[in-house]
1. Look at the range B:150-175 and say how many of its residues are crowded, with 19+ Cβ neighbours inside 10 Å and within 20 Å of B:V45 (Cβ to Cβ).
2. Please go through (1) closer than 30 Å to B:D165 by Cβ; (2) open to solvent by 70 Å² or more (accessible area, probe 1.4 Å); (3) not in a loop (DSSP other than H, G, I, E, B) for A:R79 and return the number of the only condition it doesn't satisfy.
3. Quick check on this structure: which one of B:G70, B:G93 is away from ligand 4 (no atom under 16 Å from the Cβ), farther than 23 Å from B:I249 by Cβ, surrounded by fewer than 24 Cβ atoms within 10 Å (Cβ to Cβ) and within 14 Å of chain A (Cβ to nearest Cβ)?
4. If you take just the helices (runs of 4 or more DSSP H) that sit entirely in the range B:143-260, which of them hold at least 3 residues that are within 13 Å of another protein chain (Cβ to nearest Cβ)?
5. Could you tell me which numbered condition A:L103 fails, if it satisfies all but one of (1) outside any helix (DSSP H, G or I); (2) open to solvent by 30 Å² or more (accessible area, probe 1.4 Å); (3) more than 16 Å from ligand 2 (Cβ to nearest atom); (4) not acidic (D, E)?
6. Any residue at all in the range B:125-138 that is assigned to a helix (DSSP H, G or I), in contact (Cβ under 8 Å) with a residue 40 or more places away in the chain and within 14 Å of chain A (Cβ to nearest Cβ)?
7. Please verify whether A:E88 is more than 23 Å from B:A210 (Cα to Cα), part of a helix (DSSP H, G or I) and open to solvent by 40 Å² or more (accessible area, probe 1.4 Å), treating the condition exactly as stated.
8. Taking the stated definitions as given, is B:V45 among the β-branched types (V, I, T), under 23 Å from A:R129 (Cβ atoms) and within 16 Å of ligand 4 (Cβ to nearest atom)?
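The values are calculated or read from the model by the stated rules, or taken from the named source; none is laboratory data. Here the structure is a predicted model, which is why all the values come from computation and not from measurement. Here the Cβ positions follow ideal geometry from the backbone for every residue, glycine too, while neighbour counts run over all protein chains shown. To get the accessible areas, we keep the full protein, side chains included, count just its heavy atoms, and leave off ligands, DNA and RNA. Shrake-Rupley method; radii C 1.70, N 1.55, O 1.52, S 1.80 Å.
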Amino acid sequence: MHFDQKETANLITRMSGTDPKKCMKCGKCSASCPSFDEMEYHPHQFVSMVVKGDVERLLASKSITKCLTCFACVQRCPRGVEPANLIEAVRVTALRQQGTCYLSPDDVPAIVDDQIPQQALVSAFRKYRK
Amino acid sequence: MTYSYYPGCTLKTKAKDLDHYGRLCAEALGITLEEIEEWQCCGAVYPLAQDEIATRLSSVRTLMAARDKGQALVTLCSACHHVLTRVNNDMAGNDNIRTKANNYLQPAVPYAGETRVLHYLQMLKECVGFDELAKKVVNPLKGRKIGAYYGCMILRPAKEMAFDDPENPTIIEEFIKALGAEAVVYPMRNECCGGYVTVKDADLAKKRVAKIMHSAKDKGAEELITACPLCLYNLQANAGADAVPVTYITELLAEALGLK
Ligand code: SF4
Ligand code: SF4
Ligand code: SF4
Ligand code: SF4
């Protein structure tokens, strides 16, 4: 199937509800990010790569599962860019376009112990599967 | 004072103590919590993608049920609070989401975010007041060194959650002091524990929890309290050498009020 990076980047931007062009490249989002060391592409790079239409690499990157959705970047961005929303839009796009899932119901029995809250599983399925 | 109350799925199962003591204490303080009838799980994750409508609908139903009773809606779980607050904001301020959700649900009266959502702690502060609460304490928690663990969901993004100062929150510390204990302030109290990734990436969660526990212990906390069942689980299951015991805010309250 033909994959149009620009078109996909536009879709991601619309889905995120935020305007990555407002970014002034201060790096505060990445400096705030608790998962910085885990990520191949850092929050500020998600922002600039979506602006450039360079999203194929983001869609394929493990970085999309390393974001903790803690909203530190959203809170601390001085330009109101909301990098977490963009990362989520990339993740959702990957799940939808590739039909991939990062968690299967078959994985669950091995994960569950007698303490794990329902919330952990509900949120994992919301995050990792469409 | 009577409020609508949304317990959420986890408070009916693994986090029964959070719910049970929350209700017991509210009753003792003269507050009536009326559970929303036939509520559904909120989904635990706020759908950040703007084109996701279906995943917002269960929250809209809950918000609408409170509106129909003319009551403010009280939550306890940080995640429920996050989801319901933000979906409510969408219904009030996002034309596209409001129109589609109403078209789908076809309620007798369309919903536009009229319900006021407040967290249990905000309810205590507003309805009782921490000074008054202190007077109702029968078993002051003297000498206890307790750290508040806020986590993320209840605070951020602050322009939507409007709960407390996102970088220097104080409400849980005020609560701890009202119960007669010492509130230990430590830097990592509003940093993420990695709750979401605990299912798929326990190693990453362990790194996060180790930092939080170390920070709490370093400042002298001997116990932590939280409002989030996922935080509690993650902080306990993935703690390393510096493990500090964690309980729910409502358990502490019940202890101080002599109800536990
Ligand atoms: S939301 Fe994700 S990207 Fe943003 S600071 Fe938290 S972990 Fe990092
Ligand atoms: S904090 Fe905001 S403005 Fe600064 S680099 Fe990140 S997205 Fe751009
Ligand atoms: S956030 Fe949690 S506990 Fe609350 S209803 Fe939703 S999934 Fe369940
Ligand atoms: S579970 Fe961790 S991720 Fe969730 S609110 Fe609690 S701190 Fe944040």
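1. 11
2. (3)
3. Only one candidate qualifies: B:G93.
4. B:158-161, B:202-218, B:229-237
5. The failed condition is (2).
6. no
7. no
8. Numbers: among the β-branched types (V, I, T): yes; under 23 Å from A:R129 (Cβ atoms): yes; within 16 Å of ligand 4 (Cβ to nearest atom): yes.
Considered against the rule, which asks whether it is among the β-branched types (V, I, T), under 23 Å from A:R129 (Cβ atoms) and within 16 Å of ligand 4 (Cβ to nearest atom), B:V45 comes out as yes.
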